[in-house]
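**Q** Questions regarding the structure given below will be posed in turn.
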Amino acid sequence: MGIETAFLGELLDEDQIAEGEDALREHATDWGTEDGVEPDVVVYPTSTNDVSAVLAAANDRNIPVTPYAAGTSLEGNPVPIEGGISMDLTRMNDVLGVRPADLQLDVEPGVMGPAIEEAAGEHGLFFPPLPSSGDISTIGGMIANAASGMQTVKYGEVADWVRELEVVLADGSVITVGTKAVKSSSGYNLRELIIGSEGTLGVVTRATLELAGRPQQVRGGRALFSTLSDATAAVTDVVQSGVDVAKVELIDSESAMMSNDYTGADLPDVPMVFLEFHADHGIDEEIEYCQSVLAAHDPIEFELADEETMDSLWRARRDLAFAIRSWNLELQPLVPGDVTVPISEYGPTIEYIKSLEDDHDIRMPCFGHAGDGNIHYTVLVDPTDSDELERGQQAYSDIVDYALSVGGTATGEHGIGLGKREYLEREHGEIAVGLMRRLKEAFDPNGILNPGKIFPQDDDWQRADPADYRD
Ligand SMILES: Cc1cc2nc3c(=O)[nH]c(=O)nc-3n(C[C@H](O)[C@H](O)[C@H](O)COP(=O)(O)OP(=O)(O)OC[C@H]3O[C@@H](n4cnc5c(N)ncnc54)[C@H](O)[C@@H]3O)c2cc1C
């Protein structure tokens, strides 16, 4: 049964409330889910006061409110599975100001990567941890999902670049967590609790981000290896040797084959490692050092490019997601995995995934932000073959268990959402998850904020068949 929405008309303007089919459908899903759940109504706040007023009123009425931004999540994170209000934050998209003297930027939550880069770039600065989806996702969504990108190996995650947040709690009260200082020992760290909470603890309405000076020197590299174990050993060695590298991406031979197929590149179907170097001085010495580390693992070739020509050197990596999807249209991917392991376990984890590929007779191309131990594995299955689908799901789950067994995490960047709830207790244990539940209750006693997410539940939500995932 739908909710009574008339009260919203007293809080917001008419054009800030949508109950039409298009708006409801748009807010029913994210990138990883086709058949989601429609909210009863979508609201578009344009200020902290709007967010606060809606939350306070919804809380009084026990109406669920699920924050929604660009919807690029892959695990159903912004899907309003209990209906109610979808709170779309994309109209709160002002860059409030750059403060170059502090290397900081203040933004509203709906601001996307390009606007951040433009504002920072005017002062010779940049925001290093943007995810690969930075062009199409919002800073509020990145903070809520604890996102990270290709440059984590040098610069860290989004979480490392968030200083202060304004947050509206479920009852409408407004708090500030963190400070504008670079460090603080003051009290419990509520900022870190909000980061990665997927909209279940509060709604972020303003963020202060740290910025860095643009590197003066940028170069790219690509190394080809004859075996996957050479490639993973080379990556591990680069990281362990302390080479100052800004990106280290690995693709396996299967991914290379699909990418070569897609791009028509004249490259062998072999494992490849892509690198990017940033420095203000001495970049040649750093690259030379990196080459000496790679040389111990017998690369077939190592090519370098400057910033302007790097794009073509990196093309096989850049177009990979499209290449995998379009390689065989009869096979469809399960939601891409994003396990992340300690760097010493990187090679063994990839080896384990490849052994499952043989055991289950399933294709699982692997690539990832190798420098920080991240692996994106894509389980490709024929969705009309229920046995293959089951084997694919089993393999997916076995990989998560393996990553946990070596001290890694079920999700390095996409969050738990709906799709990974079953792994929460396996990763953290019952007592820690019980504590997380009590924190949720303290922040949101009525459980109105993005209900049903993160925690394991006895509901009948199932991952959609891969046939249902969007391209
Ligand atoms: C092609 C592609 C590539 C990707 N690459 C990466 C990658 O490299 N690294 C990575 O980490 N992720 C990646 N992702 C996943 C996704 O893009 C990120 O998690 C992104 O940060 C989500 O932002 P969004 O604006 O789309 O948020 P949404 O998907 O709309 O929402 C994300 C979550 O945040 C909550 N939320 C949104 N706004 C707020 C707010 N203001 N306050 C509180 N909660 C809020 C929502 O309720 C939801 O739980 C990728 C996705 C795609 C489709």
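The values are calculated or read from the model by the stated rules, or taken from the named source; none is laboratory data. Computed from a prediction, not measured in an experiment: that's the story for all the values here. Please note: Cβ atoms are built from the backbone with ideal geometry, for glycine as well, and neighbour counts cover all protein chains shown.
**Q** Which members of the range 94-112 meet the condition of being within 13 Å of the ligand (Cβ to nearest atom) and either in contact with a helix residue (DSSP H, G or I) (Cβ under 7 Å, 6 or more places away or on another chain) or under 27 Å from Q217 (Cα atoms) (or both)?
**A** Within the range 94-112, the first condition is being within 13 Å of the ligand (Cβ to nearest atom), and the residues that meet it are 107-112.
Once the filter is applied, which keeps residues that are within 13 Å of the ligand (Cβ to nearest atom) and either in contact with a helix residue (DSSP H, G or I) (Cβ under 7 Å, 6 or more places away or on another chain) or under 27 Å from Q217 (Cα atoms) (or both), the range 94-112 yields V107, P109, G110, V111, M112.
**Q** Quick one: W314 ticks every box in (1) crowded, with 16+ Cβ neighbours inside 10 Å; (2) within 22 Å of the chain's Cα centre (by Cα); (3) farther than 17 Å from L224 by Cβ bar one, so which box is it?
**A** (3)
**Q** Continuing with this model, one more query. Write out, first by first residue and then by second, each pair whose Cβ atoms fall under 7 Å of each other, whose residues are 6+ apart or on separate chains, and whose first residue, in the range 369-381, is without any contact (Cβ under 8 Å) to a residue 40 or more places away in the chain while the second is aliphatic (A, V, I, L, M) and part of a loop (DSSP other than H, G, I, E, B).
**A** Pairs that qualify, where the first residue is without any contact (Cβ under 8 Å) to a residue 40 or more places away in the chain and the partner is aliphatic (A, V, I, L, M) and part of a loop (DSSP other than H, G, I, E, B), are G373/V341; I375/V339.
**Q** Sticking with this one: Have a look at V235, V245, V270 and point out the one that is within 18 Å of A305 (Cβ to Cβ) and modelled with pLDDT of 95 or more. Break it down stepwise before answering.
**A** Working: V235 fails: within 18 Å of A305 (Cβ to Cβ); V270 fails: within 18 Å of A305 (Cβ to Cβ).
Going through V235, V245, V270 in turn, the sole match is V245.
**Q** So H376 passes all but one of these: (1) in contact with a strand residue (DSSP E or B) (Cβ under 9 Å, 6 or more places away or on another chain); (2) away from the ligand (no atom under 15 Å from the Cβ); (3) not small (G, A, S). Which condition number does it fail?
**A** H376 satisfies every listed condition except (2).
**Q** Restricting attention to the range 281-292, does a residue exist that is touching a helix residue (DSSP H, G or I) at 6+ places or on another chain (Cβ under 8 Å) and of a type in the set (G, A, S)?
**A** No: zero hits.
**Q** Restricting the search to the range 190-240, which residues are in a loop (DSSP other than H, G, I, E, B) and of a type in the set (S, T, Y)? Walk me through it before giving the result.
**A** The first filter runs over the range 190-240 and keeps only residues in a loop (DSSP other than H, G, I, E, B), leaving 195-202, 211, 214-216, 225-227.
Within the range 190-240, S197, T200, S226, T227 qualify.
**Q** The conditions are (1) in contact (Cβ under 8 Å) with a residue 12 or more places away in the chain; (2) out of contact with any Phe, Trp or Tyr (no Cβ under 7 Å at 6 or more places or on another chain); (3) over 23 Å from T72 (Cβ atoms), and T340 fails exactly one of them. Which is it?
**A** (3)
Yes/no per residue for (1) surrounded by fewer than 20 Cβ atoms within 10 Å (Cβ to Cβ); (2) away from the ligand (no atom under 12 Å from the Cβ); (3) in a loop (DSSP other than H, G, I, E, B); (4) within 22 Å of the chain's Cα centre (by Cα):
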| position | (1), (2), (3), (4) |
| --- | --- |
| M87 | no, no, no, yes |
| M92 | no, no, yes, yes |
| P114 | yes, yes, no, yes |
| H123 | yes, yes, yes, no |
| D135 | yes, no, yes, yes |
| M150 | no, no, yes, yes |
| A170 | no, no, yes, no |
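**Q** A follow-up question, please. When you check A53 against the structure, is it under 21 Å from D444 (Cα atoms) and either crowded, with 23+ Cβ neighbours inside 10 Å or among the hydroxyl-bearing types (S, T, Y) (or both), yes or no?
**A** Numbers: under 21 Å from D444 (Cα atoms): yes; either crowded, with 23+ Cβ neighbours inside 10 Å or among the hydroxyl-bearing types (S, T, Y) (or both): no.
It is false that A53 is under 21 Å from D444 (Cα atoms) and either crowded, with 23+ Cβ neighbours inside 10 Å or among the hydroxyl-bearing types (S, T, Y) (or both).
**Q** I'd like the full set of residues that are of a type in the set (S, T, Y) and either without any contact (Cβ under 8 Å) to a residue 60 or more places away in the chain or more than 12 Å from the ligand (Cβ to nearest atom) (or both), limited to the range 396-431. Walk me through how you get there before you give the answer.
**A** Keep residues of the range 396-431 that are of a type in the set (S, T, Y), which gives 396-397, 402, 405, 409, 411, 423.
Y396, S397, Y402, S405, T409, Y423, listed by residue number.
**Q** Also, I was wondering about something else. All but one of (1) assigned to a helix (DSSP H, G or I); (2) within 18 Å of the chain's Cα centre (by Cα); (3) not β-branched (V, I, T) hold for P336; state the number of the condition that does not hold.
**A** It is condition (1) that P336 fails.
**Q** Conditions: (1) farther than 28 Å from G419 by Cβ; (2) within 13 Å of the ligand (Cβ to nearest atom). A69 meets all but one. Number of the miss?
**A** The number of the failed condition is (1).
**Q** May I ask you to list the residues in the range 172-190 that are over 24 Å from the mean Cα position of the chain (by Cα) and of a type outside the set (V, I, T)?
**A** Of everything in the range 172-190, those that are over 24 Å from the mean Cα position of the chain (by Cα) and of a type outside the set (V, I, T) turn out to be G172, S173, K180, A181, K183, S184, S185, S186, G187, Y188.
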